[in-house]
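*Asks:* One structure coming up, written as structure tokens, with questions to follow.
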Amino acid sequence: MSRFVLITGVSSGIGLDSARLLIEQGYRVIGTVRRDEDGERARGMLGEAFLPLRLDVRDSAGLPAALRQVEQWVGADGLAALVNNAGIASPGGPLLLQPLDEIRGMFEVNLFGLLAVTQAFLPLLGTRPGSARPGRVINIGSVSGRLATPLSGCYAATKHALEAVSDALRVELGIYGIEVVIIEPGPIRTPIWSKAPPDSRYLGTDYAGAMQALLGLVERNGARGAPVASVSRTLLKAIEAPRPKPRYPLNPMWYLAALLPTRLLDRLLAQRMALPRRPAR
């Protein structure tokens, strides 16, 4: 019996390394890519156990064809797991000024696209009558799902929403025996940091200094983040554990945010981002 795992967003970073580790452990991995050349490159790196699937998670119209293709590959075995990894991690900017279309676009990938993919492939995870052993839904969240930092409010909002979706799905899908897990890393050393170009839109605003501080923070995250393998190993654990944890926080800030008083945390974040607070009248 083959063990198939579907991972969205495998062209680089967490998705690519997770595919590598799972294949080493005997799984066959179906990975979504937005460009054929990315799929060919990944297959060249990962071998014949990797099956590239061209799909943009925002393209709901393309999901029926993608499902038919995956059904042909997995047959009666179904999917052992769906890993929702594809996402946007752009810092964004101050919510006061960030364009609403940009905010909607991030939700379209990080939340609505994720939900569309999950709904489409749940029949292969155990919701279909007569399904084989139930699979698992594993969502790649973020420490930002617990802690919203200034100038990244849009991204944090999508990850907070993913926490709620994961909690609801975990109970709803329990009637099928499908486990739902969310993994919550902090900054990871992946190419995603270099994909966020410097944003000059706010240079002439009151947030210019803070955006400069944010740029420095992004650069440090790219250099000092945790290794991508820390997420891949946790993902493997979440797939194979007889009873996985509902969530796997991988950054100490997850716990610190829960312990510190809100006003103190606000002050620390403001200082870190060069956002002086004007005294209240």
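*Asks:* Which ones in region 163-187 are of a type outside the set (D, E, K, R) and in contact with a helix residue (DSSP H, G or I) (Cβ under 6 Å, 6 or more places away or on another chain)? Quick ask: steps written out before the conclusion?
*Replies:* Filtering region 163-187 down to residues of a type outside the set (D, E, K, R) leaves 164-166, 168-169, 171, 173-178, 180-183, 185-187.
Matches in region 163-187: V180, V181, I182, I183, P185, G186, P187.
*Asks:* When you check T158 against the structure, is it closer than 22 Å to A257 by Cβ, assigned to a helix (DSSP H, G or I) and either under 15 Å from the mean Cα position of the chain (by Cα) or among the hydrophobic types (A, V, I, L, M, F, W, C) (or both), yes or no?
*Replies:* Here the answer is yes, as T158 does meet what is asked.
*Asks:* Being out of contact with any Leu (no Cβ under 9 Å at 6 or more places or on another chain), on the phi < 0 side of the Ramachandran plot and not small (G, A, S) narrows it down to one of R58, R128, R136, so name that one. If you could, list the steps in order and put the result at the bottom.
*Replies:* Numbers: R128 fails: out of contact with any Leu (no Cβ under 9 Å at 6 or more places or on another chain); R136 fails: out of contact with any Leu (no Cβ under 9 Å at 6 or more places or on another chain).
Within the list R58, R128, R136, the selection yields R58.
*Asks:* Please determine, by comparing only the residues of region 242-281 that are assigned to a helix (DSSP H, G or I) and touching a helix residue (DSSP H, G or I) at 6+ places or on another chain (Cβ under 7 Å), which one is nearest to V171 (Cα to Cα).
*Replies:* W254
*Asks:* I'd like the residue in region 225-241 that is assigned to a loop (DSSP other than H, G, I, E, B) and aliphatic (A, V, I, L, M) and, out of all such residues, is modelled with the lowest pLDDT.
*Replies:* Once the filter is applied, the top-ranked residue is V228.
*Asks:* Going through region 211-235 one residue at a time, which ones are surrounded by fewer than 17 Cβ atoms within 10 Å (Cβ to Cβ) and either of a type in the set (S, T, Y) or farther than 29 Å from L95 by Cα (or both)?
*Replies:* If the condition is that a residue be surrounded by fewer than 17 Cβ atoms within 10 Å (Cβ to Cβ) and either of a type in the set (S, T, Y) or farther than 29 Å from L95 by Cα (or both), then P227, A229, R233 are the ones that fit.
*Asks:* A further question on this structure: Within region 47-69, track down each residue that is part of a loop (DSSP other than H, G, I, E, B), over 22 Å from the mean Cα position of the chain (by Cα) and not charged (D, E, K, R). Don't jump to the end; show me each part of the working.
*Replies:* Residues of region 47-69 that are part of a loop (DSSP other than H, G, I, E, B), as a first pass: 47-49, 55-59.
Filter again for over 22 Å from the mean Cα position of the chain (by Cα), leaving 47-49.
G47, A49 - these are the residues of region 47-69 that are part of a loop (DSSP other than H, G, I, E, B), over 22 Å from the mean Cα position of the chain (by Cα) and not charged (D, E, K, R).
*Asks:* While we're on this one: Filter region 170-224 down to residues that are within 22 Å of V10 (Cβ to Cβ) and part of a helix (DSSP H, G or I) and give me whichever is modelled with the highest pLDDT.
*Replies:* Only one residue fits best here, namely N221.
Let's see how each residue does on (1) outside any helix (DSSP H, G or I); (2) modelled with pLDDT of 95 or more; (3) surrounded by 19 or more Cβ atoms within 10 Å (Cβ to Cβ):
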residue	(1), (2), (3)
I30	yes, yes, yes
M45	no, yes, no
E71	no, yes, no
G75	no, no, no
E108	no, yes, no
T118	no, yes, yes
P123	no, yes, no
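*Asks:* Could you figure out which of (1) among the polar types (S, T, N, Q); (2) modelled with pLDDT of 95 or more; (3) in a loop (DSSP other than H, G, I, E, B) isn't true of T149?
*Replies:* Single failed check for T149: (2).
The values are calculated or read from the model by the stated rules, or taken from the named source; none is laboratory data. No experiment lies behind these values; they were computed from the predicted model shown. When we count neighbours, we look across all protein chains shown, and the Cβ atoms used for this are built from the backbone with ideal geometry, even at glycine.
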